[in-house]
Amino acid sequence: MLNLLAISGSLRAASTNSALVAALAANAPADCRVTIYDGLGRLPIFNPDDEGERTPRDASDLIDAVTRADGVIVSCPEYAHGVPGGMKNALDWLVSRDAAVGKPAMLVHASPRSLYARAALAEIMRTMSFALYEETALEVALLGKKPPEIGAILAEPANQQAMREAVKAFAGFIRRQT
Ligand SMILES: Cc1cc2nc3c(=O)[nH]c(=O)nc-3n(C[C@H](O)[C@H](O)[C@H](O)COP(=O)(O)O)c2cc1C
């Protein structure tokens, strides 16, 4: 059984990215357990003075969750052609230890746009030494959709199969790493 940690880069209650990671968890193949990280909004702003023994509890919880996971899945919106502050802040906390080093990671996309944020996230995560899985990118076009429609799109059999296949492909990548 592989344990995967899924992170949405949006704090919005009706977030399309959070809906996508929830659907990935619900549709994971039988040999993968996808857990959703929900602490992004509680993380204090990263300060290198607070690394090591002074690391705040919420930040060390994130670091521990990433350390324990066999792989990380990120779905993140784009704000002003960049990575939203909350997501970047979480990644900054992970730089402070070696949780990211060699950790398999996959980006998935809830918007067909967000090309700057995709490129920036990939660059940041490669720089942090995540082992980024880049062969197949899952994209479910949820941009601008409201919850009932989001649910309907994510319930479509073709999308459920695409989600399962994406996690399966990522699991294969993780197994080839170890
Ligand atoms: C402040 C702000 C800035 C945005 N800037 C961009 C942008 O530069 N490019 C883009 O493709 N979408 C942009 N968007 C749209 C969001 O990326 C889009 O609504 C996304 O689906 C939101 O994700 P969520 O549903 O998970 O919250 C922006 C949205 C907000 C609120």
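Specify which of the listed residues (Ala137, Ala141) is part of a strand (DSSP E or B) and open to solvent by 40 Å² or more (accessible area, probe 1.4 Å).
Criteria check complete, one pass: Ala137.
Is it fair to say Leu91 is out of contact with any Leu (no Cβ under 6 Å at 6 or more places or on another chain), within 24 Å of Lys168 (Cα to Cα) and away from the ligand (no atom under 16 Å from the Cβ)?
no
Can you tell me which residue in region 1-17 is surrounded by the fewest Cβ atoms within 10 Å (Cβ to Cβ), limited to those that are under 20 Å from Lys146 (Cα atoms) and either of a type in the set (D, E, K, R) or over 12 Å from the mean Cα position of the chain (by Cα) (or both)?
Ala13
The values are calculated or read from the model by the stated rules, or taken from the named source; none is laboratory data. Bear in mind the structure is a predicted one, so any value in this text is a computation, not a measurement. Because the Cβ atoms are built from the backbone with ideal geometry, glycine has one as well, and the counts that use them run over all protein chains shown. Side chains are part of the model used for accessible areas, which takes the heavy atoms of the whole protein and leaves out ligands, DNA and RNA. Shrake-Rupley method; radii C 1.70, N 1.55, O 1.52, S 1.80 Å.
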